[in-house]
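Visitor: My structure is below; once you've seen it, I'll send some questions.
The values are calculated or read from the model by the stated rules, or taken from the named source; none is laboratory data. Just so it is clear, the model here is predicted, and its values are computed rather than measured. All Cβ positions, even for glycine, are placed from backbone atoms using ideal geometry, and neighbour counts span all protein chains on display.
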Amino acid sequence: MLHFFWGGYSMTENSLEVYEYSNSEIPKWAEYYLSQKTGFNQTSWRSGQVTEGPNDILIGHPTWDGRNSYLKEIMGALNHNWVRDNGLVSGDTCHPNTYILMPWIPEFPIEWTSQMPFYKEQLKAAHKIFALCGSFWFEKAMQKDDDSIQSQMKHKLVHCNMGIASQNFNVVKQSFNEIGERQILHMSHLGSYKGFDVTCKSLLGIETLLHVASSALTGDAGLRSLLVDNEEFFFNFLGFVNNNDPEFNHWVVENCDFYIHTATMDAQATTILESCARGLVPLVTPESGLTSPHAIYLTHDPAENHKIIEWALQLPESELKKRSELVREQMVRENSWKDIFETIWSGIQQDIQERSVSHV
């Protein structure tokens, strides 16, 4: 039996035909593919002990405490640590077959670590860590050489791309706006590492419209402004959007030509993969996590980005169509959940086999 510790996803009869947000997509496709290998139990990263079976497999995200600060203050710290609680003998740090699956970058932002109360001990206890990230970050992680937890754990890392169910993005871009009318999309929670300030600075003075979808901004959808380097920058706020809404997907492919992401440290932003699956052309920094010959790469210098974006906005439609088709093909080829969970299953079986042989 394999126990999958995530947010507590519940499969339904239509789950596989709809696209949901990443913290639902991961356990959904884990259950679909890994249940074909062994018995599967969908559980939560806030669970405690779920098994006493020595041959069971446990894999999941480090315990995530998503409560607000007020609740944490009045209710205290979490008691359950699924990695420690499933040790078979008192004093064990973990079950013999314990694995971690999580986004991976060389430095975890405070937005992550503040919500993962046991992450260091859980990472140290696990036998392997399946690192969801782009190849850019995996290479950086393997080069890390200091006393950080990331450096200490690099011998356990197994690289996996983040997945995307491209087949559920069946509204795909077929044509691009005329030069002078092209528009750009950004979707994120606007956290510190997402680089939204660089995005805004990079677009100052460029004749294009930026559309922003985010749960981090409140108020009505519509034209918004913010002060950037003492200049007023305008963008169209979309509010919080549903990726499974056919109307929204039709609107995106009809109106938006590019997706922009100027993150400083993003493992492999799901919103980039979503936009690539729709056929938008990615304007991204390498640190946003996408490695693709079909992307247009930005920097962290707004002045340099200004030149790159102006050039991109002038590209002939034939060039944009080619990039659009090829980047979507890449999503199907390199970011399929089937291949990702095959890598994970093979890695687990190899680890168990190697440890079994070493104990003979």
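Visitor: Restricting attention to segment 99-118, which residues are of a type in the set (V, I, T) and either in contact with a Pro (Cβ under 6 Å, 6 or more places away or on another chain) or in contact (Cβ under 8 Å) with a residue 24 or more places away in the chain (or both)?
Guide: Selection gives I100, I105, I110.
Visitor: Inspect all residues belonging to segment 62-77 and state whether any of them is modelled with pLDDT of 95 or more and of a type in the set (K, R).
Guide: Within segment 62-77 (the criterion being modelled with pLDDT of 95 or more and of a type in the set (K, R)), the answer is no, since none of the residues qualifies.
Visitor: Could you grab me the full set of residues in segment 188-229 that are closer than 18 Å to T270 by Cα, of a type outside the set (S, T, N, Q) and loosely packed, with under 14 Cβ neighbours inside 10 Å? Steps first, please.
Guide: Residues of segment 188-229 that are closer than 18 Å to T270 by Cα, as a first pass: 188-196, 199, 211-216.
Within this subset, residues satisfying the condition of being of a type outside the set (S, T, N, Q) are 189-191, 193-196, 211-213, 216.
Across segment 188-229, the qualifying residues are H189, A216.
Visitor: Do you know which residues across segment 42-77 are touching a residue at least 24 places away in the same chain (Cβ under 8 Å) and surrounded by fewer than 15 Cβ atoms within 10 Å (Cβ to Cβ)?
Guide: The first filter runs over segment 42-77 and keeps only residues touching a residue at least 24 places away in the same chain (Cβ under 8 Å), leaving 42-66, 77.
Within segment 42-77, G48, Q49, E52, G53, P54, N55, G66, A77 meet the criteria.
Visitor: Take the residues of segment 331-349 that are touching a Leu at 6+ places or on another chain (Cβ under 9 Å) and part of a helix (DSSP H, G or I): which is nearest to I296 (Cα to Cα)? Can you show your working first?
Guide: To start, the set of residues in segment 331-349 that are touching a Leu at 6+ places or on another chain (Cβ under 9 Å) comprises 331, 335, 340-341, 344-345, 348.
This time we only want the ones that are part of a helix (DSSP H, G or I), so: 331, 340-341, 344-345, 348.
On the way: M331: 16, I340: 25, F341: 29, I344: 30, W345: 34, I348: 36 Å.
Going through the qualifying residues, I end up with M331.
Visitor: Which residues, taken from segment 56-98, are among the charged types (D, E, K, R) and touching a strand residue (DSSP E or B) at 6+ places or on another chain (Cβ under 8 Å)? Reasoning before the result, please.
Guide: The first filter runs over segment 56-98 and keeps only residues among the charged types (D, E, K, R), leaving 56, 65, 67, 72-73, 84-85, 92.
Result: D56, single match.
Visitor: If you go through segment 295-341, how many residues are basic (K, R) and exposed (fewer than 15 other Cβ atoms within 10 Å of the Cβ)?
Guide: 4
Visitor: Output the qualifying pairs, or none if there are none: Cβ atoms under 6 angstrom, residues six or more apart or on different chains, first residue in segment 183-202 and in the same structural domain as A303 (by TED's automatic domain parsing) and farther than 22 Å from W251 by Cβ, second residue surrounded by 22 or more Cβ atoms within 10 Å (Cβ to Cβ) and of a type in the set (V, I, T).
Guide: These pairs meet every condition: G195/T262; V198/T262.
Visitor: In segment 342-356, how many residues are surrounded by fewer than 20 Cβ atoms within 10 Å (Cβ to Cβ) and either in contact with a Cys (Cβ under 7 Å, 6 or more places away or on another chain) or under 26 Å from E181 (Cβ atoms) (or both)?
Guide: 1
Visitor: Here is a list: F130, F108. Which entry is outside any loop (DSSP other than H, G, I, E, B), at pLDDT 95 or above and not assigned by TED's automatic domain parsing to the domain that holds H300?
Guide: Result of the check over F130, F108: F130.
Visitor: Next question. Examine segment 245-264 for a residue that is under 19 Å from the mean Cα position of the chain (by Cα), more than 19 Å from L203 (Cβ to Cβ) and at pLDDT below 95, and state whether such a residue exists.
Guide: No.
Visitor: All but one of (1) in a loop (DSSP other than H, G, I, E, B); (2) closer than 19 Å to A267 by Cα; (3) touching a helix residue (DSSP H, G or I) at 6+ places or on another chain (Cβ under 9 Å) hold for Q115; state the number of the condition that does not hold.
Guide: Here Q115 clears every test but (3).
Visitor: Here's a follow-up. Looking at D56, is it in the same structural domain as G347 (by TED's automatic domain parsing), touching a His at 6+ places or on another chain (Cβ under 8 Å) and under 19 Å from L2 (Cβ atoms)?
Guide: Values: in the same structural domain as G347 (by TED's automatic domain parsing): yes; touching a His at 6+ places or on another chain (Cβ under 8 Å): yes; under 19 Å from L2 (Cβ atoms): yes.
When the stated conditions are applied, D56 passes them.
Visitor: Something else: Suppose we filter segment 178-213 for residues that are aliphatic (A, V, I, L, M), under 24 Å from the mean Cα position of the chain (by Cα) and in a helix (DSSP H, G or I); how many remain?
Guide: 1
Visitor: Return a yes/no flag: does segment 139-148 have any residue that is modelled with pLDDT of 95 or more, in a loop (DSSP other than H, G, I, E, B) and surrounded by 15 or more Cβ atoms within 10 Å (Cβ to Cβ).
Guide: Checked segment 139-148: no residue is modelled with pLDDT of 95 or more, in a loop (DSSP other than H, G, I, E, B) and surrounded by 15 or more Cβ atoms within 10 Å (Cβ to Cβ).
Visitor: If I ask for residues that are among the β-branched types (V, I, T) and in contact with a strand residue (DSSP E or B) (Cβ under 9 Å, 6 or more places away or on another chain), which ones from segment 106-138 would you list?
Guide: The answer is I129, and nothing else.
Visitor: Can you tell me how many residues in segment 162-187 are buried (at least 23 other Cβ atoms within 10 Å of the Cβ) and of a type in the set (S, T, N, Q)?
Guide: Going through segment 162-187 one residue at a time, the tally reaches 1.
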